[in-house]
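Contents: one structure, followed by commentary.
The values are calculated or read from the model by the stated rules, or taken from the named source; none is laboratory data. Values in this document were obtained by computation on a predicted structure and should not be read as measured data. In this analysis, Cβ positions are derived from the backbone assuming ideal geometry, glycine residues included, and neighbour counts consider all displayed protein chains. Calculation scope for accessible area: heavy atoms of the full protein, side chains included, ligands and nucleic acids excluded. Shrake-Rupley method; radii C 1.70, N 1.55, O 1.52, S 1.80 Å.
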Amino acid sequence: MECADNPRNKCAACYRQFNRMEHLVDHMRTSFHSVHEPTCGVCKKHCRSFESLREHLIGPLPKQECRNVFNIRGCKFCLAILDSPYALRVHQDRCQLSGVSHGISAYMANLGLRDSLTIDNGYSRGPQVVALACKTVGGGSDRSLDLCARVCIIDENENIIFHTYVKPSIPVTNYRYETTGIRPEHLRDAMPLRQVQRKVQDFLCNGEPTWKIRSPKGGKARILVGHGLDHDLDKMQVEYPPIMIRDTAKYPPLMKTSKLSNSLKYLTQAYLGYDIQNGIQDPYEDCVATMRLYVRMRRQVHRRQDYPLASDPQNRNNFASWRQNELERMSPEEMLAISRSDYYCWCLDSA
(Lines give C-alpha, C1' and ligand atoms only; values in the text may rest on other atoms or scores of the structure.)
Protein backbone atom coordinates (compact mmCIF):
# COMPACT_ATOMS: atom_id res chain seq x y z
CA MET A 1 0.00 0.00 0.00
CA GLU A 2 1.26 3.46 -0.95
CA CYS A 3 2.09 5.85 1.86
CA ALA A 4 -0.21 8.86 2.28
CA ASP A 5 2.71 11.30 2.30
CA ASN A 6 4.32 9.82 -0.82
CA PRO A 7 5.36 12.83 -2.95
CA ARG A 8 4.43 10.86 -6.05
CA ASN A 9 0.81 11.13 -4.94
CA LYS A 10 0.91 14.90 -4.47
CA CYS A 11 -0.61 17.19 -7.10
CA ALA A 12 2.12 19.35 -8.64
CA ALA A 13 -0.35 22.23 -9.06
CA CYS A 14 -2.54 22.57 -5.95
CA TYR A 15 -0.32 20.38 -3.68
CA ARG A 16 -3.23 18.22 -2.61
CA GLN A 17 -2.04 14.86 -1.26
CA PHE A 18 -3.70 11.56 -2.22
CA ASN A 19 -3.46 8.09 -0.73
CA ARG A 20 -3.11 6.35 -4.08
CA MET A 21 -1.72 7.30 -7.47
CA GLU A 22 -4.99 6.38 -9.18
CA HIS A 23 -6.74 9.03 -7.06
CA LEU A 24 -4.25 11.66 -8.20
CA VAL A 25 -4.93 10.68 -11.81
CA ASP A 26 -8.68 11.08 -11.21
CA HIS A 27 -8.02 14.50 -9.66
CA MET A 28 -5.96 15.65 -12.66
CA ARG A 29 -8.66 14.38 -15.01
CA THR A 30 -11.27 16.71 -13.49
CA SER A 31 -9.28 19.66 -12.08
CA PHE A 32 -8.04 21.10 -15.41
CA HIS A 33 -4.93 22.55 -13.80
CA SER A 34 -2.91 24.63 -16.25
CA VAL A 35 -0.35 27.38 -16.70
CA HIS A 36 -3.26 29.84 -16.86
CA GLU A 37 -4.35 29.47 -13.24
CA PRO A 38 -3.48 32.23 -10.73
CA THR A 39 -0.30 31.10 -8.97
CA CYS A 40 1.28 32.02 -5.65
CA GLY A 41 4.50 33.94 -6.22
CA VAL A 42 6.05 32.36 -3.12
CA CYS A 43 5.24 28.63 -3.09
CA LYS A 44 3.97 28.39 -6.72
CA LYS A 45 0.69 26.79 -5.70
CA HIS A 46 -2.01 26.96 -8.40
CA CYS A 47 -5.36 28.45 -7.36
CA ARG A 48 -8.64 28.29 -9.26
CA SER A 49 -9.28 32.03 -8.92
CA PHE A 50 -7.65 35.19 -7.63
CA GLU A 51 -10.03 35.04 -4.66
CA SER A 52 -8.61 31.60 -3.81
CA LEU A 53 -5.12 33.02 -4.14
CA ARG A 54 -6.06 35.95 -1.90
CA GLU A 55 -7.31 33.52 0.77
CA HIS A 56 -4.09 31.51 0.44
CA LEU A 57 -2.03 34.67 1.02
CA ILE A 58 -4.03 36.78 3.48
CA GLY A 59 -7.24 34.91 4.28
CA PRO A 60 -8.40 33.65 7.68
CA LEU A 61 -6.15 30.58 7.39
CA PRO A 62 -3.28 31.60 5.09
CA LYS A 63 -0.10 29.68 4.51
CA GLN A 64 2.11 31.39 7.08
CA GLU A 65 5.31 31.47 5.03
CA CYS A 66 3.51 32.95 2.03
CA ARG A 67 1.67 35.51 4.14
CA ASN A 68 4.91 36.71 5.72
CA VAL A 69 6.50 37.33 2.32
CA PHE A 70 3.31 38.87 0.89
CA ASN A 71 3.02 41.33 3.79
CA ILE A 72 6.46 42.69 2.87
CA ARG A 73 6.60 42.40 -0.92
CA GLY A 74 3.07 41.60 -2.15
CA CYS A 75 0.77 43.84 -4.21
CA LYS A 76 -2.69 43.89 -2.67
CA PHE A 77 -4.30 44.55 -6.06
CA CYS A 78 -2.77 42.09 -8.54
CA LEU A 79 -1.37 39.79 -5.79
CA ALA A 80 2.08 39.69 -7.42
CA ILE A 81 5.22 39.25 -5.31
CA LEU A 82 7.87 41.91 -6.03
CA ASP A 83 11.63 41.68 -5.53
CA SER A 84 11.84 44.26 -2.75
CA PRO A 85 9.68 46.66 -0.69
CA TYR A 86 10.92 49.50 -2.91
CA ALA A 87 9.93 47.63 -6.07
CA LEU A 88 6.53 47.04 -4.46
CA ARG A 89 5.98 50.77 -3.83
CA VAL A 90 6.85 51.63 -7.44
CA HIS A 91 4.69 48.81 -8.78
CA GLN A 92 1.67 49.52 -6.57
CA ASP A 93 1.61 53.19 -7.57
CA ARG A 94 1.04 51.97 -11.13
CA CYS A 95 -1.22 49.07 -10.22
CA GLN A 96 -3.72 51.20 -8.29
CA LEU A 97 -5.76 53.19 -10.78
CA SER A 98 -7.85 56.34 -10.40
CA GLY A 99 -11.58 56.37 -10.94
CA VAL A 100 -13.48 58.36 -13.55
CA SER A 101 -13.57 62.02 -12.48
CA HIS A 102 -16.84 63.50 -11.26
CA GLY A 103 -16.55 66.09 -14.03
CA ILE A 104 -16.73 63.39 -16.69
CA SER A 105 -19.59 61.69 -14.85
CA ALA A 106 -21.55 64.94 -14.77
CA TYR A 107 -20.83 65.46 -18.46
CA MET A 108 -22.01 61.92 -19.24
CA ALA A 109 -25.26 62.46 -17.34
CA ASN A 110 -26.09 65.40 -19.63
CA LEU A 111 -24.82 63.75 -22.80
CA GLY A 112 -27.44 62.92 -25.36
CA LEU A 113 -26.64 60.97 -28.49
CA ARG A 114 -23.02 60.33 -29.39
CA ASP A 115 -22.68 57.99 -32.31
CA SER A 116 -19.25 57.12 -33.72
CA LEU A 117 -20.16 53.54 -34.59
CA THR A 118 -18.42 52.57 -37.81
CA ILE A 119 -18.06 49.35 -39.76
CA ASP A 120 -14.53 48.99 -41.13
CA ASN A 121 -14.93 45.41 -42.36
CA GLY A 122 -11.88 44.30 -40.35
CA TYR A 123 -9.35 46.64 -41.95
CA SER A 124 -7.95 47.67 -38.56
CA ARG A 125 -4.97 45.58 -37.42
CA GLY A 126 -5.66 42.97 -34.75
CA PRO A 127 -8.93 42.26 -32.96
CA GLN A 128 -10.75 45.41 -31.91
CA VAL A 129 -11.94 45.48 -28.31
CA VAL A 130 -14.91 47.50 -27.04
CA ALA A 131 -16.74 47.61 -23.71
CA LEU A 132 -20.49 47.96 -23.33
CA ALA A 133 -22.78 48.74 -20.41
CA CYS A 134 -26.46 49.55 -20.23
CA LYS A 135 -28.75 50.85 -17.51
CA THR A 136 -32.32 49.67 -17.12
CA VAL A 137 -35.54 51.21 -15.86
CA GLY A 138 -38.60 49.33 -14.63
CA GLY A 139 -41.66 48.26 -16.56
CA GLY A 140 -44.76 46.20 -15.98
CA SER A 141 -47.44 46.51 -13.31
CA ASP A 142 -45.03 45.45 -10.55
CA ARG A 143 -42.26 47.72 -11.97
CA SER A 144 -39.74 44.85 -11.88
CA LEU A 145 -39.37 44.25 -15.63
CA ASP A 146 -35.94 45.49 -16.78
CA LEU A 147 -36.11 47.80 -19.79
CA CYS A 148 -32.96 49.07 -21.51
CA ALA A 149 -32.91 52.87 -21.19
CA ARG A 150 -29.27 53.94 -21.61
CA VAL A 151 -26.33 52.42 -23.50
CA CYS A 152 -22.65 53.29 -23.59
CA ILE A 153 -19.82 51.77 -25.63
CA ILE A 154 -16.14 52.71 -25.32
CA ASP A 155 -12.96 51.67 -27.08
CA GLU A 156 -9.81 50.28 -25.48
CA ASN A 157 -8.52 53.82 -24.87
CA GLU A 158 -11.68 54.63 -22.86
CA ASN A 159 -13.03 56.96 -25.56
CA ILE A 160 -16.81 57.06 -25.94
CA ILE A 161 -17.84 55.49 -29.24
CA PHE A 162 -21.56 55.40 -28.62
CA HIS A 163 -23.88 56.81 -25.99
CA THR A 164 -27.62 57.17 -26.13
CA TYR A 165 -30.74 57.11 -24.05
CA VAL A 166 -33.11 54.42 -25.30
CA LYS A 167 -36.86 54.62 -25.69
CA PRO A 168 -38.30 51.29 -24.47
CA SER A 169 -40.97 49.52 -26.51
CA ILE A 170 -43.39 49.45 -23.54
CA PRO A 171 -44.28 52.11 -20.96
CA VAL A 172 -41.86 52.83 -18.12
CA THR A 173 -43.41 52.44 -14.66
CA ASN A 174 -40.28 53.05 -12.56
CA TYR A 175 -37.37 55.25 -13.66
CA ARG A 176 -35.19 54.04 -10.74
CA TYR A 177 -33.77 57.56 -10.57
CA GLU A 178 -31.79 56.92 -7.37
CA THR A 179 -29.44 54.57 -9.24
CA THR A 180 -29.97 55.41 -12.94
CA GLY A 181 -30.30 59.20 -12.85
CA ILE A 182 -32.81 58.80 -15.70
CA ARG A 183 -35.83 61.12 -15.90
CA PRO A 184 -38.85 61.02 -18.26
CA GLU A 185 -37.44 63.85 -20.39
CA HIS A 186 -34.33 61.76 -21.15
CA LEU A 187 -36.44 59.09 -22.87
CA ARG A 188 -39.14 61.25 -24.46
CA ASP A 189 -37.29 61.73 -27.78
CA ALA A 190 -34.68 58.99 -27.28
CA MET A 191 -33.56 56.51 -29.92
CA PRO A 192 -36.01 53.59 -30.22
CA LEU A 193 -34.81 50.23 -28.88
CA ARG A 194 -35.06 48.56 -32.29
CA GLN A 195 -32.75 51.15 -33.84
CA VAL A 196 -30.23 50.79 -30.99
CA GLN A 197 -30.32 47.01 -31.35
CA ARG A 198 -29.60 47.18 -35.08
CA LYS A 199 -26.79 49.74 -34.76
CA VAL A 200 -25.02 47.88 -31.94
CA GLN A 201 -25.41 44.49 -33.61
CA ASP A 202 -23.97 45.77 -36.91
CA PHE A 203 -21.10 47.54 -35.13
CA LEU A 204 -20.07 44.45 -33.14
CA CYS A 205 -20.22 42.10 -36.13
CA ASN A 206 -18.31 44.71 -38.18
CA GLY A 207 -19.47 43.47 -41.56
CA GLU A 208 -19.20 39.78 -40.72
CA PRO A 209 -22.35 37.58 -40.62
CA THR A 210 -23.10 36.33 -37.10
CA TRP A 211 -23.15 32.70 -38.21
CA LYS A 212 -19.65 33.06 -39.65
CA ILE A 213 -17.99 34.34 -36.45
CA ARG A 214 -15.90 31.43 -35.13
CA SER A 215 -12.78 32.93 -33.53
CA PRO A 216 -11.52 36.22 -32.09
CA LYS A 217 -8.50 35.91 -34.38
CA GLY A 218 -8.47 36.54 -38.08
CA GLY A 219 -12.10 37.71 -38.33
CA LYS A 220 -13.70 41.12 -38.56
CA ALA A 221 -15.96 40.95 -35.50
CA ARG A 222 -15.08 42.91 -32.36
CA ILE A 223 -14.29 41.50 -28.92
CA LEU A 224 -16.99 42.64 -26.50
CA VAL A 225 -16.14 43.35 -22.84
CA GLY A 226 -18.65 43.91 -20.05
CA HIS A 227 -20.08 42.70 -16.75
CA GLY A 228 -23.22 40.59 -16.80
CA LEU A 229 -23.41 40.83 -20.58
CA ASP A 230 -26.03 38.08 -20.81
CA HIS A 231 -28.43 40.49 -19.12
CA ASP A 232 -27.37 43.59 -21.05
CA LEU A 233 -27.49 41.95 -24.47
CA ASP A 234 -30.83 40.34 -23.68
CA LYS A 235 -32.38 43.69 -22.73
CA MET A 236 -30.97 45.23 -25.92
CA GLN A 237 -32.22 42.22 -27.93
CA VAL A 238 -28.72 41.75 -29.35
CA GLU A 239 -27.34 38.29 -30.18
CA TYR A 240 -23.58 37.84 -30.19
CA PRO A 241 -21.40 34.70 -30.26
CA PRO A 242 -20.04 33.75 -26.81
CA ILE A 243 -16.57 33.21 -28.29
CA MET A 244 -16.31 36.99 -28.78
CA ILE A 245 -17.55 37.93 -25.29
CA ARG A 246 -15.27 38.72 -22.33
CA ASP A 247 -17.54 38.92 -19.29
CA THR A 248 -15.92 39.90 -15.99
CA ALA A 249 -18.89 38.34 -14.16
CA LYS A 250 -18.22 34.88 -15.65
CA TYR A 251 -14.43 34.77 -16.04
CA PRO A 252 -13.25 31.97 -13.68
CA PRO A 253 -10.14 33.77 -12.32
CA LEU A 254 -12.35 36.71 -11.24
CA MET A 255 -15.12 34.66 -9.62
CA LYS A 256 -15.64 33.81 -5.96
CA THR A 257 -14.25 30.61 -4.47
CA SER A 258 -17.87 29.39 -4.48
CA LYS A 259 -17.83 29.84 -8.30
CA LEU A 260 -20.41 32.63 -8.05
CA SER A 261 -19.93 36.02 -9.67
CA ASN A 262 -18.37 38.97 -7.89
CA SER A 263 -20.02 42.36 -8.32
CA LEU A 264 -18.32 44.87 -10.60
CA LYS A 265 -18.11 47.22 -7.64
CA TYR A 266 -16.11 44.65 -5.66
CA LEU A 267 -13.84 43.72 -8.58
CA THR A 268 -13.01 47.35 -9.25
CA GLN A 269 -12.22 48.03 -5.61
CA ALA A 270 -10.20 44.83 -5.10
CA TYR A 271 -8.23 44.69 -8.36
CA LEU A 272 -8.11 48.29 -9.60
CA GLY A 273 -8.05 50.11 -6.27
CA TYR A 274 -10.93 52.59 -6.55
CA ASP A 275 -14.68 52.81 -5.90
CA ILE A 276 -17.54 52.92 -8.41
CA GLN A 277 -21.35 52.88 -8.34
CA ASN A 278 -21.73 55.25 -5.44
CA GLY A 279 -25.17 56.81 -5.80
CA ILE A 280 -26.26 57.28 -9.40
CA GLN A 281 -24.55 54.67 -11.57
CA ASP A 282 -22.87 55.76 -14.79
CA PRO A 283 -22.63 53.28 -17.70
CA TYR A 284 -19.41 54.98 -18.84
CA GLU A 285 -17.87 54.30 -15.43
CA ASP A 286 -18.90 50.64 -15.73
CA CYS A 287 -17.41 50.41 -19.24
CA VAL A 288 -14.10 51.85 -18.04
CA ALA A 289 -13.94 49.44 -15.09
CA THR A 290 -14.65 46.35 -17.18
CA MET A 291 -12.18 47.42 -19.88
CA ARG A 292 -9.45 47.97 -17.27
CA LEU A 293 -10.14 44.57 -15.70
CA TYR A 294 -10.01 42.93 -19.11
CA VAL A 295 -6.73 44.61 -20.04
CA ARG A 296 -5.21 43.62 -16.69
CA MET A 297 -6.23 39.98 -17.19
CA ARG A 298 -5.05 40.00 -20.81
CA ARG A 299 -1.61 41.19 -19.71
CA GLN A 300 -1.09 38.15 -17.49
CA VAL A 301 2.09 36.42 -18.64
CA HIS A 302 1.63 32.67 -19.09
CA ARG A 303 3.74 30.10 -20.87
CA ARG A 304 2.60 29.66 -24.45
CA GLN A 305 1.17 26.33 -25.58
CA ASP A 306 0.19 25.28 -29.08
CA TYR A 307 -3.12 23.85 -27.89
CA PRO A 308 -4.01 25.51 -24.56
CA LEU A 309 -7.57 24.29 -24.06
CA ALA A 310 -8.76 20.94 -22.76
CA SER A 311 -11.47 21.11 -25.43
CA ASP A 312 -8.91 21.25 -28.27
CA PRO A 313 -9.09 17.99 -30.26
CA GLN A 314 -5.35 17.48 -29.78
CA ASN A 315 -5.92 17.19 -25.99
CA ARG A 316 -8.95 14.92 -26.11
CA ASN A 317 -7.06 11.82 -24.97
CA ASN A 318 -4.64 13.41 -22.49
CA PHE A 319 -6.41 11.78 -19.54
CA ALA A 320 -8.43 9.13 -21.34
CA SER A 321 -9.42 6.15 -19.21
CA TRP A 322 -7.63 3.75 -21.56
CA ARG A 323 -4.35 5.52 -20.61
CA GLN A 324 -4.85 4.87 -16.88
CA ASN A 325 -1.83 2.58 -16.44
CA GLU A 326 0.41 4.93 -18.40
CA LEU A 327 -0.80 7.93 -16.40
CA GLU A 328 -0.16 6.19 -13.08
CA ARG A 329 3.46 5.70 -14.09
CA MET A 330 3.89 9.43 -14.74
CA SER A 331 5.26 11.86 -12.18
CA PRO A 332 2.92 14.61 -10.90
CA GLU A 333 4.98 17.13 -12.89
CA GLU A 334 4.55 15.13 -16.10
CA MET A 335 0.79 14.98 -15.58
CA LEU A 336 0.65 18.72 -14.97
CA ALA A 337 2.57 19.27 -18.22
CA ILE A 338 -0.20 17.60 -20.26
CA SER A 339 -3.07 19.13 -18.28
CA ARG A 340 -4.98 21.94 -19.99
CA SER A 341 -7.40 24.70 -19.00
CA ASP A 342 -11.17 24.27 -19.21
CA TYR A 343 -11.67 28.00 -19.87
CA TYR A 344 -10.34 30.46 -22.44
CA CYS A 345 -7.66 32.58 -20.78
CA TRP A 346 -7.81 36.21 -21.87
CA CYS A 347 -4.02 36.31 -22.22
CA LEU A 348 -4.62 34.35 -25.44
CA ASP A 349 -6.20 37.45 -26.99
CA SER A 350 -2.74 39.00 -27.12
CA ALA A 351 -1.00 35.92 -28.51
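A few notes on this one:
- For region 68-111, the tally of residues that are in contact with a strand residue (DSSP E or B) (Cβ under 9 Å, 6 or more places away or on another chain) and at pLDDT 95 or above stands at 9.
- Any chance ASN325 is open to solvent by 40 Å² or more (accessible area, probe 1.4 Å), out of contact with any Leu (no Cβ under 7 Å at 6 or more places or on another chain) and not in a loop (DSSP other than H, G, I, E, B): yes
- Take the conditions (1) under 18 Å from PRO38 (Cβ atoms); (2) not in a loop (DSSP other than H, G, I, E, B); ARG303 misses just one of them, which is (2).
- Residue within region 237-257 that is touching a His at 6+ places or on another chain (Cβ under 8 Å), within 24 Å of SER341 (Cα to Cα), touching a residue at least 12 places away in the same chain (Cβ under 8 Å) and part of a loop (DSSP other than H, G, I, E, B) present: yes
- Tally of residues being part of a helix (DSSP H, G or I) and small (Gly, Ala, Ser) across region 258-271: 1
- Cβ-Cβ contacts under 6 Å between residues 6 or more apart (or on different chains), taken from a first residue in region 301-315 that is touching a residue at least 24 places away in the same chain (Cβ under 8 Å) to a second residue that is of a type in the set (D, E, K, R), are listed as LEU309/ARG340; ALA310/ARG340; ALA310/ASP342; ASN315/ARG340.
- Filter pass, VAL25 being more than 21 Å from ARG340 (Cβ to Cβ) and either open to solvent by 40 Å² or more (accessible area, probe 1.4 Å) or touching a helix residue (DSSP H, G or I) at 6+ places or on another chain (Cβ under 8 Å) (or both): no
Let's see how each residue does on (1) assigned by the TED database to the domain that holds GLU178; (2) open to solvent by less than 20 Å² (accessible area, probe 1.4 Å); (3) hydroxyl-bearing (Ser, Thr, Tyr):
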residue	(1), (2), (3)
ASP234	yes, no, no
TYR251	yes, yes, yes
LYS259	yes, no, no
THR290	yes, yes, yes
ASN318	no, no, no
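- Any chance GLU156 is in contact (Cβ under 8 Å) with a residue 12 or more places away in the chain, open to solvent by 30 Å² or more (accessible area, probe 1.4 Å) and under 23 Å from VAL225 (Cβ atoms): yes
- In this structure, TYR177 qualifies as open to solvent by 20 Å² or more (accessible area, probe 1.4 Å) and at pLDDT 90 or above.
- Filtered by the rule that a residue be open to solvent by 50 Å² or more (accessible area, probe 1.4 Å) and either at pLDDT 95 or above or not polar (S, T, N, Q) (or both), region 159-171 gives LYS167, ILE170, PRO171.
Residue-wise test of (1) part of a helix (DSSP H, G or I); (2) closer than 23 Å to ILE276 by Cβ.
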{"site": "PHE162", "(1), (2)": "no, yes"}
{"site": "SER169", "(1), (2)": "no, no"}
{"site": "THR179", "(1), (2)": "yes, yes"}
{"site": "ILE182", "(1), (2)": "no, yes"}
{"site": "VAL196", "(1), (2)": "yes, no"}
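- Check on PRO241, under 19 Å from the mean Cα position of the chain (by Cα) and farther than 25 Å from VAL166 by Cα: no
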